1. Would you check if residue 299 is part of a helix (DSSP H, G or I) and acidic (Asp, Glu)?
2. Filter region 392-443 for residues that are acidic (Asp, Glu) and under 30 Å from residue 180 (Cβ atoms); which is most open to solvent (accessible area, probe 1.4 Å)?
3. Somewhere in region 91-100, is a residue of a type in the set (Gly, Ala, Ser), within 12 Å of the ligand (Cβ to nearest atom) and touching a helix residue (DSSP H, G or I) at 6+ places or on another chain (Cβ under 6 Å)?
4. Cβ-Cβ under 6 Å, sequence separation 6+ or interchain: first residue in region 146-164 and β-branched (Val, Ile, Thr), partner part of a loop (DSSP other than H, G, I, E, B). Which pairs?
5. Pull up region 315-347, narrow it to residues that are acidic (Asp, Glu) and surrounded by fewer than 17 Cβ atoms within 10 Å (Cβ to Cβ), then point me to the one that is farthest from the ligand (Cβ to nearest atom).
6. Listed residues 333, 415, 378; which is over 28 Å from residue 150 (Cα atoms), in contact (Cβ under 8 Å) with a residue 40 or more places away in the chain and assigned to a loop (DSSP other than H, G, I, E, B)?
7. Across region 268-289, which residue is nearest to residue 236 (Cα to Cα) among those that are open to solvent by 70 Å² or more (accessible area, probe 1.4 Å) and part of a loop (DSSP other than H, G, I, E, B)?
8. Any residue at all in region 239-251 that is within 15 Å of the ligand (Cβ to nearest atom) and either among the β-branched types (Val, Ile, Thr) or assigned to a strand (DSSP E or B) (or both)?
Amino acid sequence: MKTNNEPSFRKSVDLMVDKAITAMNLDMGTAQAIKTCNAVLQVKFPVKIRGKIEVFTGWRATHSTHRLPSKGGIRFAPYADQDEVEALAALMTYKCAIVDVPFGGSKGALLIDPSLYDRDELEMITRRFTLELVRKGFLSPATNVPAPDMGTGQREMAWIADTYKHLHPEDINYVACVTGKPVHHGGIQGRVEATGRGVQYAIREFFRHSEDIKSANFTGTLEGKTCVIQGLGNVGYHAAKFLTEEDGVIITAVIERDGALISDQGINIEDLFQHISEHGTIKNFPSASFEEDGLKVLEKECDILIPAALESQITLENADRINAKLIVEAANGPITYGADETLNKKGTIIIPDAYANAGGVTVSYFEWIRNISHMRFGRMQKRHDELRGHQFASMLEEATGKSVSNNLRSSITKGADELDLVRSGLDDTMRLAYQQIRDTLDNNENVHDLRTACYVASITKIARSYIDIGVF
Ligand code: GLU
């Protein structure tokens, strides 16, 4: 938890951004225009639950509109406030810019503990919240497009899309009013795993840069590196699953709400996930020891620490004791401004949130494009590509007089389906963005860490749009 003299989440983001603005010598007017949150809506609305009226509070902040729609998730959480929503909306602006997703930044929250309500009640509350957002101009395919975040998922997105459709049946693009929908309701393959997948691609790209491997004091490759992960929600679960199953990373600790599990031999993420689904807790998981004080386990020695839960987890209170070589911010804002300074001084390398968890919004962008083009990716070219593959394989056989093996033939002739294209697009996006961050770090003598480099690269793009178009 944050110490009392640490700035709020929004202030913390601003301070980090200020550091970048100073490093890049941006004029103060443009800087102020970029940093300012454009609009915040607060709604309070009544819903009748089990015969009693309950009043709910929600927010939607639009941080930037230099590109439209403004984009960002909606969280359902028992702890949320305007400061947090504004901070998260600002992060969305920088996040979209760094990965070249042509959207502004936005974020929403509903103050609710979803575990206290049943499915039908949650549907009623979600639909009512959507109505408020649509009526007040804070939700539409052209201007403001939500997505899942903490406490929300495909189900809530489907309710939002359906509510918007009923309000605006004449809008041919109604299904693009929200992303992260179920695939059968206009969603895209690979969106659920996207943020975790993006974290994996970010780490892989880091390990392709020998200078970064060196600066983090690593030797060798990603395989066999130890990792502590905080949060086994959608993002943490997928990141941990892919890193262990595909890259040979060893998860030595998992931190959850109710404590932490530790095993230096490595924790099987799929088994743990099944255990949590069955028992609702990490406790009594065989083959790992349980530690009551989860936060303490953040300090466990490891190669890679992945905070994938809440903001403000690494603070002035514990930053000094963090014992990881590399921290990858899968969550938004897990490190406070003060802790960031401490870690930088210690030489801990941090892959910042605005880049590390941008996989979600990147695939949301693909989904939005799919929705406004009214066709799934790969539909036109898959069979055509397969035919070309067969022609190529036959040509090879004719030219060499040898037959192409069945394995080779099937890999050459496989046309890409939507999931292949989504993963390829995401991988490319994560690589290119990292390279831009790296170039910024190399070419700006005032920039000394990946976070500042990320903000400089991102703000340079946003500033260009303000400077080219002017202020209206
Ligand atoms: N909630 C996710 C985030 O914070 C996804 C946003 C989106 O897909 O629009 O990045």
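1. no
2. Checking each candidate, the answer is 428.
3. No, region 91-100 contains no residue that is of a type in the set (Gly, Ala, Ser), within 12 Å of the ligand (Cβ to nearest atom) and touching a helix residue (DSSP H, G or I) at 6+ places or on another chain (Cβ under 6 Å).
4. Taking only residues 6 or more apart or on different chains, the pairs are 160/178.
5. 320
6. The match here is 378.
7. Filtering first and then ranking leaves 268.
8. No: zero hits.
The values are calculated or read from the model by the stated rules, or taken from the named source; none is laboratory data. Here the structure is a predicted model, which is why all the values come from computation and not from measurement. When we count neighbours, we look across all protein chains shown, and the Cβ atoms used for this are built from the backbone with ideal geometry, even at glycine. Heads up: the accessible areas ignore ligands, DNA and RNA and are worked out on the full protein's heavy atoms, side chains in. Shrake-Rupley method; radii C 1.70, N 1.55, O 1.52, S 1.80 Å.
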